[in-house]
1. For the range B:49-111, state the semi-axes of the equivalent ellipsoid (square roots of 5 times the eigenvalues of the alpha-carbon gyration tensor), sorted largest first and rounded to whole angstrom.
2. Which order do the peptides A:11-23, A:234-246 come out in when sorted by mean C-beta neighbours inside 10 angstrom, highest first?
3. Per-residue mean of other chain beta-carbon atoms within 10 angstrom of the beta-carbon, peptide B:75-82?
4. Take the Cβ-Cβ distance between residue A:287 and residue B:132 as r, set R0 to 25 Å, and report the resulting FRET efficiency rounded to the nearest 0.05.
5. When you count, for each residue, the other Cβ atoms within 10 Å and take the mean per peptide, how do B:7-16, A:95-104, A:176-185 rank with the highest first?
6. Quote the FRET efficiency, to the nearest 0.05, computed for residue A:7 versus residue A:141 with a Förster distance R0 of 30 Å and r equal to the Cβ-Cβ distance.
7. To the nearest 0.05, how large is the calculated FRET efficiency for residue A:159 and residue B:69 if R₀ is 45 Å and r is the Cβ-Cβ distance?
8. Quick one: helix B:173-188 against the long Cα principal axis of chain B, what's the angle to the nearest 10°, folded into 0 to 90?
Amino acid sequence: MDLMSMLQAVLFNYTLRTVALGAATLGIVSGALGCYAVLRRQALLGDAMSHAALPGIVLAFLLTGTRQPLVLMLGAMVAGWLATLALIGIVRTTRIKEDSALGILLSVFFGFGMVLLALAQKQPNAAQAGLSKFLFGQAASLVVRDVVTMVGLGTVALLLMLLFWKEFKLLSFDPDFGTTQGFPIRLLDIGLTALIVVAIVVGLQTVGVVLMSAMLVAPAAAARQWTDRLGVMVALAAFFGALAGVVGAMISATARGMSTGPTVVLCISAIVVFSIFFAPNRGLVWNMVRQQRNRQHLLRRVDRELVLEPE
Amino acid sequence: MHTNTLAIEVTDLTVAYRDNPVLWDVDLAVPAGILMAIVGPNGAGKTTLIKAILGLVPIAAGQTLIYGKPYAVQRRLVGYVPQRGSVDWDFPTSVLDVVMMGRYGALGWIRRPGRRERDLAYEALEKVKMHNFADRQISQLSGGQQQRVFLARALVQDAQVYFMDEPFQGVDATTERTIVTLLQELRSAGKTVVVVHHDLQTVPQYFDWVTLLNVRRIASGMVSEVFTEENLRLTYGGRVTLIGHNSASSMLSEPLSAADHNKG
């Protein structure tokens with residue numbers, strides 16, 4: 001499928017339009033909120049929370065028997081929240097460091113989720129059939145009901161982020177100073193983490209629990225290359241996320257049997273690689289050019305000033 | 001009233017990390033309108049003392065008052081300059097933006113900084129001679145420039161009492177001079193400034209009061225009275241060679257001139 005016919009399909013094909021809208025939503029929400037995860041060095045936390053969502057999703061299904069998106073997302077949120085609590089508990093009460101604790105939690109929750117998934121798949125009813133899509137994502141399975149839920153949750157999360165823009169910036173840059181300014185930093189921390197959980201949950205059905213954290217980290221990392229302003233960074237990351245989401249979802253939705261997570265992640269990775277090399281100022285290529293130029297300047301000066309007056 | 005003239009009053013302050021006391025039963029009474037240095041060896045609890053007063057670390061026992069009332073209700077009166085290394089200077093933000101953060105508390109929830117905050121921040125940047133850098137990204141600053149930005153951020157708070165954690169640490173000569181001038185201006189405006197300080201040589205030159213700290217409070221008072229060889233030995237153990245060629249007492253009778261003090 002060439003680009004033109006793909007564009008045509010997005011605009012006029014009802015299913016593809018739904019898929020594109022869902023993918024754009026997840027890209028915008030995770031791209032924007034992912035900036036905070038990256039700036040606060042919590043990229044790994046996002047990874048642990050998205051893996052931890054799996055048992056939440058499957059348990060929510062096993063307990064209620066429905067695959068209502070809101071029910072499953074609620075299950076994912078509760079599981080992510082429990083994982084975060086467990087993390088704080090482990091770091092506070094034991095001598096295990098945060099990165100090790102994250103590693104432990106990620107695998108324990110994910111392993112538990114896989115066991116539950118195997119149990120659910122033994123059930124005779126057909127409803128469980130869609131659950132395994134949460135592993136690597138299946139954009140083609142998005143229906144209007146899913147996208148409506150995603151847009152609703154995502155809009156609330158983004159509005160809260162904009163509303164508390166100044167507070168979240170202070171929290172991310174200098175939390176101690178924020179405390180002396182009279183803001184309840186612990187509460188803001190919990191709030192921002194909750195928004196990041198929402199961003200993860202919004203993308204789970206499309207991208208899957210295994211690769212979802214890439215959609216938090218990669219757009220932010222790419223955007224950081226292009227700008228030195230937080231506002232621009234958040235907007236750019238949202239744009240990169242949406243771009244990768246839509247292109248990846250389209251590729252997977254039109255190719256049979258292709259999971260969406262991997263294609264979306266490949267798209268965002270391409271953007272990241274391009275940004276790392278070619279962004280002005282921070283890009284590697286420009287750095288090399290600059291270094292080369294400086295060296296030549298220096299060499300020329302050495303020639304001029306030292307060669308003319310030998311010892 | 002006696003308590004009314006005290007800017008900072010700390011009684012029986014004890015802070016522990018797990019079961020190690022970091023501060024033990026510290027008392028402090030700091031009158032308003034003075035410049036006070038806190039000195040002591042590494043691990044003496046200097047930073048912890050400031051953080052405990054500001055409610056940033058949990059205290060095991062004791063009480064701290066700012067102008068006679070608990071810090072929690074006097075927050076607006078207190079400005080804070082944390083250690084430069086405590087933040088990520090690669091954060092995507094500008095110099096002016098960082099300085100405006102000093103107004104966030106006064107702005108309160110949700111309200112965005114506007115023209116007034118911008119003007120105040122610019123004014124503060126002029127005081128620390130950083131106004132030409134207002135739009136710079138903060139990662140492009142030298143260490144001394146970063147320090148001055150942090151000072152400007154505290155200045156826009158328009159506080160009565162300032163706590164500064166090692167503002168002289170690793171800064172250039174211009175920054176050191178700017179900070180010293182600024183401290184003197186703050187004192188003439190009746191403000192109280194508490195500075196964690198490392199360079200014993202400059203204590204008599206820059207400060208009126210000094211607190212010698214090593215987990216316990218060794219001494220606290222006017223520099224001319226408590227900055228003695230004896231007290232320094234008590235604070236630093238045997239290592240009073242830190243004072244250099246002068247003895248503490250001779251430093252007190254004739255403060256080092258700028259020429260003697262050749263540390264750039």
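The values are calculated or read from the model by the stated rules, or taken from the named source; none is laboratory data. Quantities reported herein were computed from a predicted structural model and do not represent experimental measurements. Glycine also receives a Cβ, built like all others from the backbone with ideal geometry; neighbour counts cover every protein chain displayed. Just the protein is used for accessible areas: all its heavy atoms, side chains included, with ligands, DNA and RNA removed. Shrake-Rupley method; radii C 1.70, N 1.55, O 1.52, S 1.80 Å.
1. Taking √(5λ) for each Cα gyration eigenvalue gives 26, 17, 9 Å.
2. The most tightly packed comes first, giving A:234-246, A:11-23.
3. Per residue, the average neighbour count from other chains is 2.
4. Efficiency at R0 = 25 Å is approximately 0.45.
5. A:176-185, B:7-16, A:95-104
6. Using R0 = 30 Å, I get an efficiency of 0.85.
7. After rounding to 0.05, the efficiency reads 0.75.
8. With rounding to tens, the tilt is 90 degrees.
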